[in-house]
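Visitor: Mind having a look at this structure? Questions to follow.
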Amino acid sequence: LKIPRRKLRAGSSPAPGTNSIDMNEMNNKKGDEINLYDLIFLFWGNKLKIMFISSIFAIFSVIYALSLDNIYRSSALASISSEMESNSNLRSQYGGIASLAGIKLPSSGSNKVFLVIERVQSRQFVSHLLSFQDVLPSLLAVDYYDELSGNIFYDKAIYDSSNNSWPEGRPTDLEAHKAFKNILQVDIDLETGFLNMAIDHQSPVFSKNLLDLIISEVNSLSRDQDLADANNSLEYLKIELNKTNLLDIKELINSLIAARLETKMLANVQDDYLIKIIDAPFVPEERLSPNRAFICIFITFIGFIISLIFILIQNFLLNKIGQKTS
């Protein structure tokens, strides 16, 4: 017997278990696909919007870049004075015996390098620098630097230079220490042992002067401390020399006395007592930052990307609204 096949009427659904494909679903999937040609066509059709948004970001980038202060860097290259090398040789020769005798020898040259780095960054040293004129306001109250006159102008709401007063109260040493560490760059070249020191500031003159002051005061404070230590050591060594009858101890004490006398001599005749300048600080002529060209290009590019994203989101929402209304 032949069973006649039933024909599907238009609009009727296929029988269960059949492999028929819903053409409407297929068309919807095809409509959701976006290829490169569609994107180019979409962006080209909205090129005016893209140019408008990118132009807004470009104008903003120029205004922002011009509002940034120029930052100048003055740097110096230094080493530890050769006097520290003699102290290092003295320590290697008599360090063991001196420790048994309860006598403290000077630090070695390598230790002095790290001592300088830590001292320059210490709160106590920064507090000492604040005693010098214009250091504190130049750290915390700069409004702008006039390149024509070479003068720093301060924010009068923070610091009034006419009567040397702080309307809102003098900043604390901790605030000054934080600002100082932000502009100070100091590190050691482990291969050569040289110190690299730099100061970044709106004023190229102040950056050079502050770096000169740092080096000068480190030498001065180290000189005063070593002179005091040498005098105390000499008094102690002379007492110990009179107490002992052992020739080895007498020889050691005499060597230590000679070293302390050498320290006093060098401290009184050397200007570069601890830090010896190889390349002195200078007044920089070219700014370190900001890179205004890069800032403008980067912000404008960000605006361009945002404009493309905006066009895609706008087109997606319009398609969704169109599908709901149809």
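The values are calculated or read from the model by the stated rules, or taken from the named source; none is laboratory data. A quick note: this is a predicted structure, and the numbers were derived from the prediction, not measured. Don't worry about glycine lacking a Cβ; one is built from the backbone with ideal geometry, like all the others, and counts go over all protein chains shown. Side chains included, ligands, DNA and RNA excluded: accessible areas come from the protein's heavy atoms. Shrake-Rupley method; radii C 1.70, N 1.55, O 1.52, S 1.80 Å.
Visitor: Output the residues belonging to the stretch 262-295 that are farther than 19 Å from residue 207 by Cα, open to solvent by less than 90 Å² (accessible area, probe 1.4 Å) and of a type in the set (A, V, I, L, M).
Guide: Once the filter is applied, which keeps residues that are farther than 19 Å from residue 207 by Cα, open to solvent by less than 90 Å² (accessible area, probe 1.4 Å) and of a type in the set (A, V, I, L, M), the stretch 262-295 yields 266, 267, 274, 293, 295.
Visitor: Would you confirm whether any residue within the stretch 61-80 is among the β-branched types (Val, Ile, Thr), assigned to a loop (DSSP other than H, G, I, E, B) and either modelled with pLDDT under 75 or under 30 Å from residue 235 (Cα atoms) (or both)? If you could, list the steps in order and put the result at the bottom.
Guide: Narrowing the stretch 61-80 to residues among the β-branched types (Val, Ile, Thr): 62-63, 71, 80.
Next, only the ones that are assigned to a loop (DSSP other than H, G, I, E, B) stay: none.
Within the stretch 61-80 (the criterion being among the β-branched types (Val, Ile, Thr), assigned to a loop (DSSP other than H, G, I, E, B) and either modelled with pLDDT under 75 or under 30 Å from residue 235 (Cα atoms) (or both)), the answer is no, since none of the residues qualifies.
Visitor: Also, quick follow-up: State yes or no: is residue 243 surrounded by fewer than 14 Cβ atoms within 10 Å (Cβ to Cβ), free of Cβ contacts under 8 Å to residues at least 12 places away in the same chain and among the basic types (Lys, Arg)?
Guide: So residue 243 passes the test.
Visitor: Which members of the stretch 112-160 meet the condition of being more than 19 Å from the chain's Cα centre (by Cα) and of a type in the set (Ser, Thr, Tyr)?
Guide: Answer for the stretch 112-160, where residues must be more than 19 Å from the chain's Cα centre (by Cα) and of a type in the set (Ser, Thr, Tyr): 127, 131, 144, 145, 149, 154, 159.
Visitor: In the stretch 32-66, which residues are within 37 Å of the chain's Cα centre (by Cα) and open to solvent by 80 Å² or more (accessible area, probe 1.4 Å)?
Guide: Matches in the stretch 32-66: 51, 52, 56, 59, 60, 63, 64, 66.
Visitor: Right, next: For the stretch 276-311, name all the residues that are part of a loop (DSSP other than H, G, I, E, B) and charged (D, E, K, R). Please lay out each step first, then the result.
Guide: Our first condition is that a residue be part of a loop (DSSP other than H, G, I, E, B); within the stretch 276-311, this holds for 280-288, 290-291.
Within the stretch 276-311, 285, 286, 287 qualify.
Visitor: Would you tally the residues in the stretch 254-275 being in a helix (DSSP H, G or I) and either touching a residue at least 60 places away in the same chain (Cβ under 8 Å) or under 19 Å from residue 215 (Cα atoms) (or both)?
Guide: Residues of the stretch 254-275 that are in a helix (DSSP H, G or I), as a first pass: 254-269.
Adding the requirement that they be either touching a residue at least 60 places away in the same chain (Cβ under 8 Å) or under 19 Å from residue 215 (Cα atoms) (or both) leaves 255-256, 259, 262-263, 266-269.
Residues in the stretch 254-275 being in a helix (DSSP H, G or I) and either touching a residue at least 60 places away in the same chain (Cβ under 8 Å) or under 19 Å from residue 215 (Cα atoms) (or both): 9 in total.
Visitor: Another one. Going by the structure shown, is residue 132 modelled with pLDDT of 90 or more, within 30 Å of residue 201 (Cα to Cα) and among the aromatic types (Phe, Trp, Tyr)?
Guide: Taking the combined requirement at face value, the residue satisfies it.
Visitor: To continue, here is another question. Quick check on residue 181: is it touching a Ser or Thr at 6+ places or on another chain (Cβ under 6 Å), touching a residue at least 12 places away in the same chain (Cβ under 8 Å) and among the charged types (D, E, K, R)?
Guide: On the way: touching a Ser or Thr at 6+ places or on another chain (Cβ under 6 Å): no; touching a residue at least 12 places away in the same chain (Cβ under 8 Å): yes; among the charged types (D, E, K, R): yes.
For residue 181, the condition - touching a Ser or Thr at 6+ places or on another chain (Cβ under 6 Å), touching a residue at least 12 places away in the same chain (Cβ under 8 Å) and among the charged types (D, E, K, R) - is not met.
Visitor: If residue 248 satisfies every condition in (1) crowded, with 17+ Cβ neighbours inside 10 Å; (2) part of a helix (DSSP H, G or I) but one, which is the exception?
Guide: It is condition (1) that residue 248 fails.
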